[in-house]
1. Within the bounds of the stretch 175-182, is there any residue that is touching a strand residue (DSSP E or B) at 6+ places or on another chain (Cβ under 7 Å), farther than 17 Å from residue 97 by Cα, free of Cβ contacts under 8 Å to residues at least 40 places away in the same chain and surrounded by fewer than 20 Cβ atoms within 10 Å (Cβ to Cβ)?
2. Does residue 58 qualify as being in the same structural domain as residue 212 (by the TED database) and of a type in the set (A, V, I, L, M)?
3. State the number of residues belonging to the stretch 151-173 that are open to solvent by 10 Å² or more (accessible area, probe 1.4 Å) and among the polar types (S, T, N, Q).
4. What is the one condition in (1) more than 17 Å from the chain's Cα centre (by Cα); (2) in the same structural domain as residue 179 (by the TED database) that residue 23 does not satisfy?
5. Looking at (1) modelled with pLDDT under 90; (2) surrounded by fewer than 19 Cβ atoms within 10 Å (Cβ to Cβ), can you tell me which one residue 61 breaks?
6. Would you point out which residue out of 111, 72 is on the phi < 0 side of the Ramachandran plot, in a helix (DSSP H, G or I) and open to solvent by less than 30 Å² (accessible area, probe 1.4 Å)?
7. Quick one: is residue 134 within 14 Å of the chain's Cα centre (by Cα), farther than 14 Å from residue 81 by Cβ and surrounded by fewer than 18 Cβ atoms within 10 Å (Cβ to Cβ)?
8. Quick one: in the stretch 92-108, which of the residues that are farther than 27 Å from residue 213 by Cα and surrounded by fewer than 18 Cβ atoms within 10 Å (Cβ to Cβ) is nearest to the chain's Cα centre (by Cα)?
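The values are calculated or read from the model by the stated rules, or taken from the named source; none is laboratory data. Just so it is clear, the model here is predicted, and its values are computed rather than measured. Note: ideal-geometry Cβ built from the backbone for every residue, glycine included; neighbour counts use all protein chains shown. These area figures cover heavy atoms from the full protein model, side chains too; ligands, DNA and RNA do not enter into them. Shrake-Rupley method; radii C 1.70, N 1.55, O 1.52, S 1.80 Å.
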Amino acid sequence: MYKYLIFDIDGTIIDTEKAVIGSLQKLLKVETGMDYPADELSFVLGIPGSVALRQLNIADTDQACLKWNEYLKEFYNSIRVFPDLEEIIKYLHDLKIKTGIVTSKTKQELLDDFYPFGLHDYFDYIVCADDTTKHKPDPEPILKCLELAQASPAETIYIGDTSYDMQSAHHAGVDFALALWGTKDPNLNAKIKLSHPKELLDIVKTEIERVEGQLNDSYGQ
């Protein structure tokens with residue numbers, strides 16, 4: 001049914017919740033002297049850091065973002081790839097299934113938080129917060145990725161975990177798949193709800209069969 005998969009990163013490919021919230025709590029304590037409970041900060045998951053800090057009434061968001069990224073390094077040992085996703089992503093790449101990333105991370109955050117896992121080379125296109133003027137829940141980042149891939153919305157599905165991901169996909173005319181392994185809201189409006197990463201293969205089953213058929217034909221010649 002789909003030929004192109006676009007992934008969110010945080011809460012979809014890697015589990016960064018503890019690191020993001022923990023480092024933000026430290027930043028807010030330093031900047032404001034206040035202790036924020038984790039559940040009051042969960043809204044920041046899935047949106048650019050500068051946007052989140054503005055919503056928290058931090059004046060100098062540029063400097064605050066730099067400090068936040070520094071504090072995040074103290075929590076790197078808590079960041080992990082969700083189970084089985086690495087194998088699935090590599091398998092899709094080996095079959096030449098088109099994949100992309102649309103993330104609210106900046107390029108620097110991508111380098112710091114995601115590149116160490118070595119998965120970036122398995123994606124054909126990556127759109128970061130720096131690459132668009134507007135950000136999720138606006139459709140612009142997904143539309144940018146579709147443009148780069150020369151892919152049609154009808155053949156594309158976006159995999160994410162937050163309402164921002166859902167809204168961005170819907171506004172872009174792209175179906176949305178909810179990663180239940182990372183979401184805080186399993187009731188989000190999704191075309192497909194994924195209980196396990198292996199179910200990603202079912203989404204592109206027809207495309208996998210087509211590619212495998214071509215490979216078999218080439219071996220038979």
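1. Yes, that holds for at least one residue.
2. Criteria not met by residue 58.
3. Of the residues in the stretch 151-173, 4 are open to solvent by 10 Å² or more (accessible area, probe 1.4 Å) and among the polar types (S, T, N, Q).
4. So residue 23 meets the others, but not (2).
5. (1) is the only condition that residue 61 fails.
6. Selected residue: 72, the only one of 111, 72 that is on the phi < 0 side of the Ramachandran plot, in a helix (DSSP H, G or I) and open to solvent by less than 30 Å² (accessible area, probe 1.4 Å).
7. no
8. Per the criteria, the residue is 107.
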